1. For the range 83-107, give me the residue count where each residue is open to solvent by less than 60 Å² (accessible area, probe 1.4 Å) and either basic (K, R) or farther than 14 Å from A17 by Cβ (or both).
2. Which condition does T16 not pass, out of (1) under 21 Å from L109 (Cα atoms); (2) at pLDDT below 95; (3) among the β-branched types (V, I, T), if it passes all the others?
3. What do you reckon, is R74 assigned to a loop (DSSP other than H, G, I, E, B), open to solvent by 80 Å² or more (accessible area, probe 1.4 Å) and in contact (Cβ under 8 Å) with a residue 24 or more places away in the chain?
4. Can you say whether V64 is in contact with a Leu (Cβ under 8 Å, 6 or more places away or on another chain) and assigned to a loop (DSSP other than H, G, I, E, B), as far as the supplied structure shows?
Amino acid sequence: MRLDQIAAALGCEPLTACDDGAEFESVVASDGMSEILAFSSPGCLMLTGLTNVQAVRTAVVADVHAIVFVRGKRPPAPVLELACEKGIPVFVTTLGMFDSCGILHRAGLKGAM
């Protein structure tokens with residue numbers, strides 16, 4: 001699924017510049033960064049409500065290619081600056097984690113495990 005399709009399905013607002021044509025096959029979703037590290041697969045999309053720099057640092061280590069912050073949570077400027085520096089597109093959706101996962105699952109994405 002292309003990133004622009006994901007953003008449309010979740011009603012996302014882009015917070016950084018991104019390649020809308022990037023493709024994703026899997027999603028990892030958690031507010032716990034240790035779970036992201038343990039259960040992500042390279043190139044996946046990350047859904048989280050954790051809006052500090054650890055989310056971006058975890059994405060870099062786990063080879064996550066985009067982040068969607070759920071529940072309308074907006075990360076502070078340093079988080080967005082780090083994401084831009086690392087080339088990781090960042091979005092925000094007002095949807096919760098459960099609804100976001102359900103929408104993406106119905107659209108054909110699978111869990112990262």
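1. Residues meeting the conditions: 11.
2. (1)
3. When the stated conditions are applied, R74 passes them.
4. When the stated conditions are applied, V64 passes them.
Residue-by-condition table, conditions (1) buried (at least 16 other Cβ atoms within 10 Å of the Cβ); (2) under 17 Å from R74 (Cβ atoms):
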site: G11; (1), (2): no, yes
site: L15; (1), (2): yes, yes
site: A22; (1), (2): yes, no
site: A29; (1), (2): yes, no
site: L37; (1), (2): no, no
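The values are calculated or read from the model by the stated rules, or taken from the named source; none is laboratory data. What you see is a predicted model; the values in this text were computed from it and never measured. Counting neighbours? That spans all protein chains shown, and the Cβs are built from the backbone with ideal geometry, glycine included. Heavy atoms of the whole protein, side chains included, go into the accessibility calculation; ligands, DNA and RNA do not. Shrake-Rupley method; radii C 1.70, N 1.55, O 1.52, S 1.80 Å.
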